[in-house]
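The values are calculated or read from the model by the stated rules, or taken from the named source; none is laboratory data. Since the model is a prediction, treat every value here as computed from it, not as a measurement. FYI the Cβ positions are ideal-geometry reconstructions off the backbone, even for glycines, and counts take in every protein chain you see. The protein model used for the area step is the full one, side chains on, heavy atoms only, and it has no ligands, DNA or RNA in it. Shrake-Rupley method; radii C 1.70, N 1.55, O 1.52, S 1.80 Å.
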Amino acid sequence: MKHEYIRRAYYHETDQMGIIHHSNYVKWMEEARISLLNACGLSYKKLEEEQIISPVLEIHTQYKNMVHFDEEVIITVRILEYDGIRLAFSYEMRKKEDGTICCLGESRHCFLNAQGRVISLKKAKPENDRRFREVLALPD
């Protein structure tokens, strides 16, 4: 599944060179990821209310081209893997104006309970596991 999220670059995100500071791309990845989960009916807020969190285990970025203040970026986010315990996403950021690739990335996550222990979503929240599998067209 892929999802597109449009993000405008704000002035406070720029550095002394007038370009978007590299740390902001990771924040944009999170925004796009949460937007994708919401679009799938898998609200991160709902997961947290159910005492399930999904921390970042790894994050990778490749910076290709600069983004400047007030430019719009289309962030295409995809779920790469899901096995009930782990979840991975890919990100492609392109300038809306001309399609120039600005940044590529991946992030890997797991599911933890309120005590910070790794859990299987299939066992802990089977309805959420079913929804992930439906969205990704995975077998049960």
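Tally up the residues in the range 1-51 that are of a type in the set (A, V, I, L, M) and closer than 21 Å to residue 97 by Cβ, please.
Qualifying residue count, the range 1-51: 7.
How many of the residues in the range 4-30 are in a strand (DSSP E or B) and either touching a His at 6+ places or on another chain (Cβ under 8 Å) or among the hydroxyl-bearing types (Ser, Thr, Tyr) (or both)?
Result for the range 4-30: 4.
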I need the full set of residues from the range 6-45 which are of a type in the set (S, T, N, Q) and open to solvent by less than 40 Å² (accessible area, probe 1.4 Å), in order please. 14, 24, 35, 43
Given (1) open to solvent by 50 Å² or more (accessible area, probe 1.4 Å); (2) modelled with pLDDT under 95; (3) in contact with a helix residue (DSSP H, G or I) (Cβ under 6 Å, 6 or more places away or on another chain); (4) not aliphatic (A, V, I, L, M), residue 130 misses just (3)
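Table: residues versus (1) of a type outside the set (Asp, Glu); (2) within 19 Å of residue 48 (Cα to Cα).
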residue	(1), (2)
71	no, no
87	yes, yes
90	yes, no
124	yes, yes
Go through the range 86-115 and give me each residue that's open to solvent by 60 Å² or more (accessible area, probe 1.4 Å), free of Cβ contacts under 8 Å to residues at least 40 places away in the same chain and over 14 Å from the mean Cα position of the chain (by Cα). 94, 97, 98, 115
Given the structure, is residue 76 touching a Gly at 6+ places or on another chain (Cβ under 7 Å) and among the hydroxyl-bearing types (Ser, Thr, Tyr)? no
